[in-house]
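Working notes, structure below.
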Number of protein chains: 4
Amino acid sequence: SDNEPDTEDVAGYDFRGEFDLDDLLDSYATTGFQATHLAEGIEISKQMQDDDATIYLTCTSNIISSGLREVVASLIREGHIDVLITTSGSLTEDVIKSARPFKMGEWDADEAELRERGINRLGNIYVPSDRYVWLEQYLYDFFDDFFADEQIRTPTAFARELGERLDDEDSVLKQAADHDVSVYCPALTDAEVGNFLYYYKQANDVDIGIEILDDYDKLIEQGLLADTTGLIAVGDGVPKHHAIMTNLFRGGADYVVYISTGMEGDGSLSGAPPDEAVSWGKIKQQETNYTQIEAEATLVFPLLAAAAFHNRDD
Amino acid sequence: SDNEPDTEDVAGYDFRGEFDLDDLLDSYATTGFQATHLAEGIEISKQMQDDDATIYLTCTSNIISSGLREVVASLIREGHIDVLITTSGSLTEDVIKSARPFKMGEWDADEAELRERGINRLGNIYVPSDRYVWLEQYLYDFFDDFFADEQIRTPTAFARELGERLDDEDSVLKQAADHDVSVYCPALTDAEVGNFLYYYKQANDVDIGIEILDDYDKLIEQGLLADTTGLIAVGDGVPKHHAIMTNLFRGGADYVVYISTGMEGDGSLSGAPPDEAVSWGKIKQQETNYTQIEAEATLVFPLLAAAAFHNRDD
Amino acid sequence: SDNEPDTEDVAGYDFRGEFDLDDLLDSYATTGFQATHLAEGIEISKQMQDDDATIYLTCTSNIISSGLREVVASLIREGHIDVLITTSGSLTEDVIKSARPFKMGEWDADEAELRERGINRLGNIYVPSDRYVWLEQYLYDFFDDFFADEQIRTPTAFARELGERLDDEDSVLKQAADHDVSVYCPALTDAEVGNFLYYYKQANDVDIGIEILDDYDKLIEQGLLADTTGLIAVGDGVPKHHAIMTNLFRGGADYVVYISTGMEGDGSLSGAPPDEAVSWGKIKQQETNYTQIEAEATLVFPLLAAAAFHNRDD
Amino acid sequence: SDNEPDTEDVAGYDFRGEFDLDDLLDSYATTGFQATHLAEGIEISKQMQDDDATIYLTCTSNIISSGLREVVASLIREGHIDVLITTSGSLTEDVIKSARPFKMGEWDADEAELRERGINRLGNIYVPSDRYVWLEQYLYDFFDDFFADEQIRTPTAFARELGERLDDEDSVLKQAADHDVSVYCPALTDAEVGNFLYYYKQANDVDIGIEILDDYDKLIEQGLLADTTGLIAVGDGVPKHHAIMTNLFRGGADYVVYISTGMEGDGSLSGAPPDEAVSWGKIKQQETNYTQIEAEATLVFPLLAAAAFHNRDD
Ligand SMILES: NC(=O)c1ccc[n+]([C@@H]2O[C@H](COP(=O)([O-])OP(=O)(O)OC[C@H]3O[C@@H](n4cnc5c(N)ncnc54)[C@H](O)[C@@H]3O)[C@@H](O)[C@H]2O)c1
Ligand SMILES: NC(=O)c1ccc[n+]([C@@H]2O[C@H](COP(=O)([O-])OP(=O)(O)OC[C@H]3O[C@@H](n4cnc5c(N)ncnc54)[C@H](O)[C@@H]3O)[C@@H](O)[C@H]2O)c1
């Protein structure tokens, strides 16, 4: 009939022949619901690369707590990422992991018992307290150098100089430093690095400080200089907003993929789907340049990294 | 130290070598958060098979609306599923799809316009109304036969005889009929099949009926006869509860994988994690026999089907 | 400017004067996010009454597990509800509660320990197993009468005759029986009442049955006879769909309020906002006749009951 | 029996007598699910006051976008709050609202059309662009003074001096300034105030900056000086973590109420329930000193403010 939609048939993967992951992910386009969004996310991520976009990756700290740290590091190592924006826990934990592993744990652990044993819990991940003892000394040594010449420093300088010293190819900070990727982190104090900055400042009675406006200028200007920008937001919060807000200055991001567990109905930035950012001019309005995958990132980000970046055979 | 947890290191996939999906999904075990649950779900699903468990697959209707229909059909076709429990929309839509496709659509469509065009929306899937016109006639013919000898019939008989007539290898009902898999559907009236049963009954002034206690007995007894049972619940609601409730009679299901978007904090059956069912004796309590993957099913169920059923190389 | 929206100012409650709940809930209209939806839900519920709508209340079983049972019973007792649709756990638990209380509990209880103590957990609610021992005998006595004359009965008859015997003014089934409100429950077997029907049938070797098409006809016709219909859906699943599906026969429900924790992005019926039902003709399309409050029901349903039904002073 | 739980009966509100909101909220304690958590949140908030705790209120920016701004302002005005931690959108929008209202809007607006009309959308709230035109000039005047003597300033100084100039009793910043409540906002650049700082710096070629370590020290010390601390976290993200992280220095917060839509299963800080913070020592472990209300804040925060702070009659 005239009213037959002019779109593809809904159809799932055909398991009959030889299994192929790329075919499976292609079939996601016509599987419906969030599978369709993952297929769109892969497609948009490929377009970013084909268009030589300046690619922003934003992530929350728990991404680095999890095994996605290695996935983020791999994307930077392969030269796919131009700007990284994150929160302060990412810096803390990337440094720790470069020397000491995090351990698998249980969601429903007995908290009081964990506390007794000196184990900190992050979802189903455990971080024994000795990691922070190690970190303290590591950072004090670093601070001695970092603040030696200038007392007021920026988060990007902090991440850069920290990354330069690390000796772990799976470190996000090291890869970022090696590949000249700036790591933005406006709320730098809000994690253990902040705590150790506090102690260090007290202990040494120095007037050190962290200045954040300079980085903001730099981030805006990096966007202004780009012909095309693409954003992959793994998780929400300040990092995601930092990316879209600074893209406003250039009339919006060109390509956007959100991976999010946020709830639209709470009116939060974190839950706002990409089209809300269109009204603000933070994302450009085109037909197929943005999508949101409603999913916990560990399930889908490695697939997106594999299909859109690492194993492109198209 | 003594307090070092005796568990695996958190570590993500290493993208350095040749990409391999099985290795990727293995790495999910140590990636944390929901990835770990997907890895557990795959492992538990393999154990079900290794233990020759009677495997229950339960799914909500929208699973059949989506491209997961073909995945469910493939599992039955390959002989992996012994019991299917679902809701009534699944029957309606599997029949339609055996003759006419559903179409990809948009979440934020203009509803009034769709209504005008005769297009029904299911998330980002469209079902043009002519499908239901076709279905009406198809079902009336079927009803003539189905109620010819007996006027009071059961949902399992309904699904069986419907499936026997279908001529589509991707049909869940056909595969279930071909492989002697009973399809349970207690609330059979709650979809278009119910509507057409109503019209048919009015039009023909017949005293037909759907009786559901007989099926319940059959389902309980199928469980009682099984040495071992495994449950894969794709979505929640009545089908999932039907499976665990009838497993109570045998002291609980042995292996359980939930794929769910339910919210624990609303106290619903749909949101209740597997351990709640342990207190009721609906799931057996062991160390590693159940898990819940908090995810929209289209993202993860094809991966679980691939890794745990179709492409086992271990 | 010309572009100034022609809507109300966002403004929250003014705590300066004497506190008044009705004023607070009025202020929710301009508070934004879900508060605005609660205010809309109250307004729409008032319109249902002013329009003498046939009011459908649908609820999931956990609503009856919780203290919302008393709220549902109060609305029926005051004559506000015309049709009740629910799932089978509601019937089971309303009967138990008419004789024995449920107890407050803990979400993160030790399940194995609970099992040992014979305590079943429902979120943060405990149901000691002796309740089911009591229920068994109670139902067997009831079944003797219920199936005495006819062996094939309907869920509405089941709920009616059960309610007639109860002696608790806070019982939903009793109030429904007393006020001639039909209680629909298509998947009647899917709870302990189903289990006891199974045992009873085995023990007495009787050919009893539950027939559900008759009820569906009745529900459709109740809708067809109504000039105007209103629906308050407390939770989702089969009950909500049963209401909107049968309203399709009359061209859609006139007024609709959903209270839901469902997720739109999973393509489920439970998560589908009311506007999806508009495309199907299950809800009528007008400007302000439907809303969805994204909330766990215990938080908001008592407020809606108070403001829209019990304490109307307008 | 011996196994009867030693807890209260589940029981909902009794609508029979005169309606009373305090009684209703008391009944929430035995209503189950999230209602119980709201009742706990009210109880804990009363204990904070009875214990003369230093009370931290944290909120996300959208709280200030919504009508909860007036509720937050009322709590500060009445002297209930000692520390406020928020994100930068809160500062931006509180200033705008002191001069120009936000307007009620629609979630599913046509974004391209809104963009054309110069309307920015925040959930179901509209912010016409002329607000930002006004803000720009307002802030430039403010910056002239603010940076006149010192070029490197802190977020708390920013919020304080901004608040001192406002002339709106419903302004959060004004009430905070008037009542000597420090407003912490580490990621100050991440909103329009950041944008205008950038433009101002470019235009005037000044070497202004925002330093954040000093505030962090101040926040830690405010916690160390407190005998007892209480935290009400309205929404999640950086503000909530900032509060619990700095409470670590004093061995954990004594009383904690979270109002959150976060998802535990994504391993995020935002979704982590209070007990996760116990393992880190960010919250003290006692029986009943913390709770989390899983709800969108506009629905429940005004009720908590009313029952625990404004209308205490106990
Ligand atoms: N109006 C705005 O939202 C706005 C405006 C300008 C800038 N920004 C910036 O965006 C960034 C991110 O925003 P954010 O950190 O304020 O928080 P957010 O909006 O990202 O929310 C963080 C988390 O808080 C919880 N939450 C949010 N709203 C809630 C509610 N109504 N009820 C219950 N829980 C809720 C959710 O878990 C959410 O994921 C910040 O830097 C902020 O300054 C926001
Ligand atoms: N107490 C019980 O929950 C119980 C007991 C025995 C049997 N059962 C059976 O389990 C099966 C499934 O239960 P169901 O269909 O009643 O519903 P459900 O518990 O599966 O919930 C269905 C949906 O309703 C919504 N919802 C549930 N609780 C909510 C709340 N508090 N606030 C807002 N939204 C909410 C959610 O979207 C949820 O996914 C039924 O057959 C039922 O008879 C349940």
#### Entry: Whole-number D in µm²/s for the range A:191-254 (Stokes-Einstein; Kirkwood sum over Cα pairs; 37 °C, 0.692 mPa s)
234
### Message
Tell me the Kirkwood radius of the range D:218-261: reciprocal of the mean inverse pair distance over distinct alpha-carbon atoms, in Å.
### Response
10.5
### Message
Quick one: the Cα spread of the range B:81-220 along its three principal axes, in angstroms, biggest first?
### Response
45, 39, 26
#### Entry: Backbone N within the range C:75-115 under 15 Å of label point (7 Å from D:E8 Cα along the Cβ vector)
C:102-106
### Summary
Long-range share for the range A:56-154, i.e. C-alpha pairs more than 24 Å apart as a percent of all pairs, stands at 35
### Task
Can you pull out the buried accessible area for chains B and C, both sides counted, probe 1.4 Å, rounded to the nearest 100 Å²?
5400
### Query
If r is the Cβ-Cβ distance from D:D130 to B:Y199 and R0 is 45 Å, what FRET efficiency results, to the nearest 0.05?
0.20
### Query
At q = 0.12, 0.17, 0.19, 0.22 Å⁻¹, what base-10 log of I(q)/I(0) does the Debye formula yield for the range C:146-246 when every alpha carbon is treated as an equal point scatterer in vacuo?
-0.46, -0.91, -1.10, -1.35
#### Entry: Gyration tensor (Cα) of the protein assembly as shown, equivalent ellipsoid semi-axes in angstrom
49, 34, 30
### Query
What is the Cα coordinate range of the range D:19-107 on the first, second and third principal axes, sorted by size from largest, in whole angstrom?
42, 36, 22
### Task
Give, to the nearest whole percent, the P(r) tail of the range A:135-174 beyond 15 angstrom, counting all Cα pairs.
43
### Query
Rounded to two decimals, what is Rg over Rh for chain D when you use alpha-carbon atoms and the Kirkwood radius?
1.00
### Query
Among the DSSP beta bridges whose two residues both lie in the protein assembly as shown, what percent are antiparallel, rounded to the nearest 5?
20
### Query
Once the Cα atoms of helix D:237-247 and of chain D are each reduced to a long axis, what angle between those two axes, in degrees from 0 to 90 to the nearest 10, is obtained?
70
### Query
Between the range B:27-74 and the range B:275-314, how many Å separate their Cα centres?
5
### Query
What's the carbon and sulfur percent of chain D's accessible surface, probe 1.4 angstrom, rounded to a whole number?
40
### Query
Over the range C:177-314, how many percent of alpha carbon pairs lie in each 5 Å bin up to the one with the longest distance?
2, 9, 15, 17, 19, 15, 11, 6, 4, 2, 0, 0
#### Entry: Stokes-Einstein D in µm²/s, Kirkwood radius over Cα pairs - the range B:1-42 at 20 °C with 1.002 mPa s viscosity
191
### Summary
Scaled by the rule-of-thumb 2.2 N^0.38 Å, the alpha carbon Rg for the range C:108-184 gives a ratio of 1.39
### Query
Averaged per residue, what accessible surface does chain D expose to a 1.4 Å probe, in Å²?
32
### Query
Taking the alpha-carbon centroid of each part, what is the distance from the range C:88-145 to the range D:147-220 in angstrom?
57
### Query
So what's the range A:156-203 giving for Cα Rg divided by 2.2 N^0.38 Å, two decimals?
1.24
### Task
Please list the radius of gyration and Dmax for the range C:232-313, considering alpha-carbon atoms only, with Å as the unit.
12.8, 41
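The values are calculated or read from the model by the stated rules, or taken from the named source; none is laboratory data. Everything numeric here is computed off the predicted structure, so don't read it as measured data. Every residue, glycine among them, receives a Cβ derived from its backbone with ideal geometry; neighbour counts consider all protein chains shown. Keep in mind that these areas ignore ligands, DNA and RNA; they rest on the heavy atoms of the full protein, side chains included. Shrake-Rupley method; radii C 1.70, N 1.55, O 1.52, S 1.80 Å.
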